[in-house]
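Readers should treat all values here as calculations from the given coordinates under stated rules, not as data from a laboratory. Keep in mind that what you see is a predicted model, and the values were worked out from it rather than measured. Heads up, the Cβs are rebuilt from the backbone with ideal geometry, glycines too, and the neighbour counts pull from every protein chain shown.
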Amino acid sequence: MATSERSPSIRDQIQLSPHGNAPEIEQPALPPTDRGKVAWLMLASCCLIQLPVWVVFGVFQEYYSTHDVLRGSKGDLATVGTTCTGILYLLSPVTFTLLTRYPRLQSWCAPVGLVITVVGSLLSSFSMDVWHLIATQGVMCAIGNGLLFSPSTMYLDQWFVRRKGLALGIMWAAKSVTGVALPFVASICLNRFGSSTTLRAWTVTTVRC
């Protein structure tokens, strides 16, 4: 009589330990490092993260300086870029230390950072005064970008061992490409659609990436 096929149960996965009679449960093998679909998808994700993180505010500053869009002193517009960059770099050693000491936070850091970045970018499109832009694009987006960027380097350390230098080089090259191409795209969008529509489109692009 033919036996019917059945899926393996938990009992079938239990084996006796070679050092005694205590049962062991077979664990699925982890995806390989330095190769495989998962590793390269992680690298591609880390490259896409560079898009919302390294926003070139100089283009926005030039637009706000030549258009009467915001109330307040136009001389304070430079505060947005310096505040954003300063918080981003000062936050990095704090997040790296916490994520190294408490690895479980890595799975929460990037999603929380993405939410803060999206909310800050969306709110900045409704800015009426210069200080609104400082609070949203200068502070909120900087905090979100810092939380979003820090885990990406740690993920590459986990997924690439022998090819770590190649992976990091590709990720930093993506940052450079973003820094070169993004000002031209932002300038075209600002001149054609205005700051509010450009920032909202940027928010949608960040979410989709």
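Please order LEU166, LEU190 by the number of other Cβ within 10 Å, starting at the fewest. Could the numbers behind the result be given before it?
Values: LEU166 12, LEU190 19.
Ascending number of Cβ neighbours within 10 Å: LEU166, LEU190.
In Å, the Kirkwood hydrodynamic radius of the range 63-209 over pairs of distinct alpha carbons?
Working: mean 1/r = 0.0603 Å⁻¹.
Taking every pair of different Cα atoms in the range 63-209, averaging 1/r and inverting gives 16.6 Å.
With contacts defined as alpha carbon pairs under 8 Å and 6 or more residues apart, what's the relative contact order of the range 94-191 in percent? Before the final figure, lay out the partial values.
On the way: 62 pairs, mean separation 27.0, N = 98.
RCO, the range 94-191: 28 percent.
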